[in-house]
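Here, each number is a calculation from the coordinates, and none is a lab measurement. Source: prediction; values computed, not measured. All Cβ positions, even for glycine, are placed from backbone atoms using ideal geometry, and neighbour counts span all protein chains on display.
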Amino acid sequence: MTPAPTSRRRPRAGTVLTYLSLIAAALVVLLPLAVVLLTSLKTAEEVSEGGALSLPGDWLNFRNYATAFTDGHLLAAFGNTAFILLFSLTGTVIIGSMTAYAVDRFDFRAKKAVMALFLVATLVPAVTTQVATFQVVNGFGLVDTRWAPILLYMGTDIVSVYIFLQFIRSIPRSLDEAARLDGANAFTIYRKIIFPLLRPAVATVVIIKGITTYNDFYIPFLYLHSEDLGTISTALFRFKGPFGAHWEAISAGAILVILPTLVVFLLLQRWIYNGFAQGATK
């Protein structure tokens, strides 16, 4: 007897729509990047005569990258960005983890009010407070210094606090009680027990906050007026001056700015997903 032919299952409409939406989302993200990459490898004549998706004549044409790196002062911009990232991320981790530790481990009357104020602060548009913020920063004499964006970035956002809070809630309080029996105070418990167990949360916060700070344009443009203090976002913006009509050089500068965040995300993406998933389930 010949076996009955097995009927192939037709894909459901929901599955088809899911894949179509994923393909459309990928095209929306990848198409502009492809245009920028192709433009960065073209000559000025190829940019003016060809279309956005036309292929470059020489795929090894890296002269635009050399022009963008040297004339755009991207090396100094990367140095300023790294300096700001180092101090702002360190402050964010310390302040955010300490805030979450205090909210979770200590009972005080204004506990609910503090969390409510955090939520209210996230609902207030940042642009409405920029005049007052600028006056405060200017009063301290920090305008046109790298410490102005550092202090502003160190103001921990509610997302970082909640990430740390979810992880701290998963740490048994029995560890705190055992440490107190050995004579440890609250700061010692935080430093030797709580903080070492927050490494997945720290990695998640550093990646998310780091990418946000790295890509931010508004605060560096508002507070860093000197060209030698520019970050990568403001350095790329200044390309509109000497390279206003040279889109090939601007595109090369954009690729140089995109590469670090792309590499970091590809290498550490599992930390982002695992951090959010663990924080949501704990």
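At a glance:
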| read-out | value |
| --- | --- |
| Percent RCO, i.e. relative contact order, over the stretch 100-234, from Cα pairs under 8 Å lying at least 6 residues apart | 34 percent |
| Long-range tail of P(r) for the stretch 126-189 (Cα pairs > 21 Å, %) | 53 percent |
| Cα-based radius of gyration of the chain once divided by 2.2 N^0.38 Å, which approximates compact folds | 1.32 |
| Quarter of the Cα convex hull surface for the stretch 1-144, i.e. its orientation-mean projected area (nm²) | 22.3 nm² |
| Where only alpha carbons of the stretch 72-208 are counted, the Rg and the Dmax (Å) | 17.7, 59 |
| Per principal axis, descending, Cα span of the stretch 22-78 in whole Å | 38, 29, 18 |
| Shape call, the stretch 186-258: gyration tensor on alpha carbons, a/c limit 1.5 | prolate |
| Span from the the stretch 210-226 Cα centroid across to the the stretch 36-96 one, whole angstrom | 16 Å |
| Loop-located chymotrypsin sites (Phe, Trp or Tyr not before Pro) in the stretch 84-173, at most 14 other Cβ atoms within 10 Å (DSSP) | PHE106, PHE108, PHE140 |
| Nonlocal Lys pairs with alpha-carbon distance under 30 Å, the chain (8 or more apart, or different chains) | 11 |
| Mean Kyte hydropathy of -1.0 or more with a Cα span along the axis of at least 27 Å, helices from DSSP in the chain | 13-40, 74-105, 247-281 |
| FRET efficiency estimate (nearest 0.05) - Cβ-Cβ, LEU123 to ALA24, R0 35 angstrom | 0.65 |
